[in-house]
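Single-structure report; data block below.
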Amino acid sequence: MGTVRGMFESKLFSRIYFFILILTVIITGGTIGYMLIEGWGFVDSFYMTIITVSTVGFREVEELSVYGKFFTAFLIISSFGSFAYAISTITTYVVGGQYRKHLREHKMMKQLKKMKDHVIVCGFGRVGRQVAEDLKANNVEFVIVEKDEHLIAHQDEDQLMFIEGDSTDDEVLRRASVETARAVITCLPKDADNLYVVLTTRQFRKELTIVSRASSPSSVSKLKLAGANNVIMPDAVGGSHMASLIADPDIMEFLDSIRLRGNSDTNVETISYSELPKNLRGKTIGELESRRITGSTIVGFKSENGEYTINPSMDTIVDEESKVFVLGNVDQIQKLITHFKLERE
């Protein structure tokens, strides 16, 4: 892992290092040559080398010997093209803004080394962009993998973390720290690419949560068989949502108002068995008394075998591997979390 990152980071600046090396070799070789052939000091030899390879047209430092003239001619012929190309490349690199891109990537790779339990978003099209906005709104740490540089060229102002590369490439996923990620969301437009990403990421980590996009209904079962925990068809979900807004507009608007968004006044929060204080584990929902304590309401329950219950009864026992879903405003949810933390302490 560290070797791959090191290779990537060294590659970022290899181009500029190469041309700096060319300039160094030319100037060093010319300086040493004049010192040996003409017997000049370091300063005069260095100065003569600079005005020779740059062809500025100044007169010689001193009268050149025959060997010195041959050496000067050789230095001009051998170095003029290399020197001019190196200078133009370095200038383009700085003025054209490529160095900013490399510095940003270098800084990003240093941040990726420290990232853990983050989310990898594969693809930054329409779906990927919406995923990124929602993750950012909910303060979830994530990195985006996108191979089209035009899609990420003007995203600096959003302060999103990008890796330019193909999500189907194993090395690119390693650069995104897939070994330490908690989830992968693949939003690529082609189902075949999403299938490959699911297969690859599942090989990296068996416990990784994988959510995949699908365009065709026939791809859903294949993606799940490949290892995707959830498969979403954006077109089907969007069409169903639009139809529901006509059939039951009030219900859908209400559900939209309480869906998970970082800027919403009303939230649904998940509380797992492990997050409960020990004295409340194994108790019934009625014994949790969430409404009496904070004003929030338990509206759903997920059992250890994955079955969901809407508006569970007060006799439902919160056992190991189960979860409860709490509805409330931001203050109520925060009070509930704070209450459980105090109980644990």
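Any read-out appearing in this document is the output of simple, stated calculations on the displayed coordinates, not a laboratory observation. Just so it is clear, the model here is predicted, and its values are computed rather than measured. Neighbour counts run over all protein chains shown; Cβ positions are idealised from the backbone, glycine included.
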**OP:** Note down the nm distance, to one decimal, between modelled labels 7 Å out along Cα→Cβ at residue 314 and at residue 50.
**Re:** 8.8 nm
Subject >> For the range 105-147: rounded, prolate or oblate by the Cα gyration tensor [a/c cutoff 1.5] >> reply: oblate
**OP:** Please order 120, 77 by the number of other Cβ within 10 Å, starting at the fewest.
**Re:** 77, 120
Subject >> Ranked 269, 287, 63, criterion: other C-beta atoms within 10 Å, fewest first >> reply: 63, 287, 269
Subject >> FRET efficiency, 1/(1 + (r/R0)^6) with R0 22 Å, evaluated for residue 148 and residue 174 via beta carbons >> reply: 0.60
Original post:
Taking the simple approach of a point 7 Å from Cα along Cα-to-Cβ for both residue 60 and residue 27, what is their distance in nm?
Top reply: 2.4 nm
Subject >> Least to most buried among 107, 283, 302 (fewest other Cβ within 10 Å first) >> reply: 107, 283, 302
**OP:** May I ask you to compute the full-extension gain from residue 270 to residue 67, defined as 0.36 nm times their residue separation minus their alpha-carbon distance, rounded to one decimal in nm?
**Re:** 64.7 nm
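Can you flag which of 116/224; 107/147; 114/278 are past 27 Å Cα-Cα?
Distance filter (> 27 Å) returns 114/278.
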Original post:
Separation between the residue 110 and residue 215 pseudo-spin-labels, each 7 Å from Cα along Cα→Cβ, expressed in nm?
Top reply: 4.0 nm
